[in-house]
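The values are calculated or read from the model by the stated rules, or taken from the named source; none is laboratory data. What you see is a predicted model; the values in this text were computed from it and never measured. Cβ placement follows ideal geometry from the backbone for every residue including glycine, while neighbour counts extend to all protein chains displayed. Remember, those area values only see protein heavy atoms, side chains included, never the ligands or the DNA or RNA. Shrake-Rupley method; radii C 1.70, N 1.55, O 1.52, S 1.80 Å.
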Amino acid sequence: MEKRKIFALVGFIAGSLILFFGIFFTVAHFTFQYYKSEKTFQKSGLSIVLTNDFKEKEVLEYTAYYSSEEMMVLTLKVGFDGFDTNKWNPYESTCYDYAEKISKEYRSLYPSTTEIITNEELIYFTFDFEQGGKTYKYLLATYKADDAYWQVSFGCEKRNYEELEKNMISYAQSVSIGD
């Protein structure tokens, strides 16, 4: 009878410890997620406020590339001197005109490309992209500087897009273009 009590006590203590540590690590995880601090990244005249879990990486095709476990941010600076001004004049065109121009190009490659969306001075569209057996969804925002247009794409796995869309829009609204 004494052995049963000892085994029951040991089982109770072990179960309590497992429950305690499970709750502790769950709370710690969500607390860490909640308290991500802002971090400003700058490159080639573009500044963006993300969180400290983003890391900058070098990717040849983009002006800058930042990624976290959940999301990637790709920036591309397109200088005005690269346009044939006989066909389309970037100096006289608006940021919205540029978004329309590139969304048509994207639509020919990615049929899921949406119409242009304007939201609190933000001009963007979304599209889906398949790679490596996964489907990603991107929000591509456009910006105009004195000498170039900027494309800033925020991407994640499509299944996570709804959860991350608010963050993407907030990050897109933090973009500033300067010297």
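Some observations on this one:
- Percent accessible area from carbon and sulfur atoms, region 49-105, protein chains only, probe 1.4 Å: 47 percent
- Distance histogram in 5 Å bins (all Cα pairs of region 33-112, percent per bin): 3, 11, 17, 18, 17, 16, 10, 5, 2, 0, 0
- Each peptide in 51-63, 91-103 was scored by the mean count of other Cβ atoms within 10 Å over its residues; highest first, the order is 91-103, 51-63.
- Computed extension length for GLU163-GLU56: 36.2 nm, one decimal, from 0.36 nm per residue of separation with the Cα-Cα distance subtracted.
- Calculated SAXS-style log₁₀ I(q)/I(0) at q = 0.19, 0.23 Å⁻¹ - region 36-82, Debye, Cα scatterers: -0.60, -0.82
- Residue-count net charge about THR51 - beta-carbon cut-off 12 Å; Lys, Arg +1, Asp, Glu -1: -1
- Among residues other than CYS156 with Cβ under 13 Å from its Cβ, the summed charge is -2 (Lys and Arg +1, Asp and Glu -1).
- With Rh defined as the Kirkwood radius, the inverse of the mean 1/r over Cα pairs, the Rg/Rh of region 66-123 is 1.02.
- Region 132-179: C-alpha gyration tensor shape, a/c 1.5 cut-off, then a/b vs b/c: oblate
- Charge sum, other residues only, whose C-beta stays under 14 Å from ILE123's C-beta, Lys/Arg counted +1 and Asp/Glu -1: -3
- Once the mean of 1/r is taken over each pair of separate Cα atoms and inverted, region 29-163 shows a Kirkwood hydrodynamic radius of 16.2 Å.
- Distance between region 69-109 and region 147-179 - C-alpha centres, whole angstrom: 15 Å
- Calculated P(r) of region 99-179 - Cα pairs past 17 Å, %: 47 percent
- Accessible area per residue (1.4 Å probe, heavy atoms of protein chains only) ranks PHE129, PHE41 as PHE129, PHE41, with the largest value leading.
- Legend: distances between Cα atoms for LYS39/LYS104; LYS87/LYS166; LYS57/LYS101; LYS87/LYS134; LYS57/LYS87; pairs beyond 31 Å are LYS39/LYS104; LYS87/LYS166; LYS87/LYS134; LYS57/LYS87.
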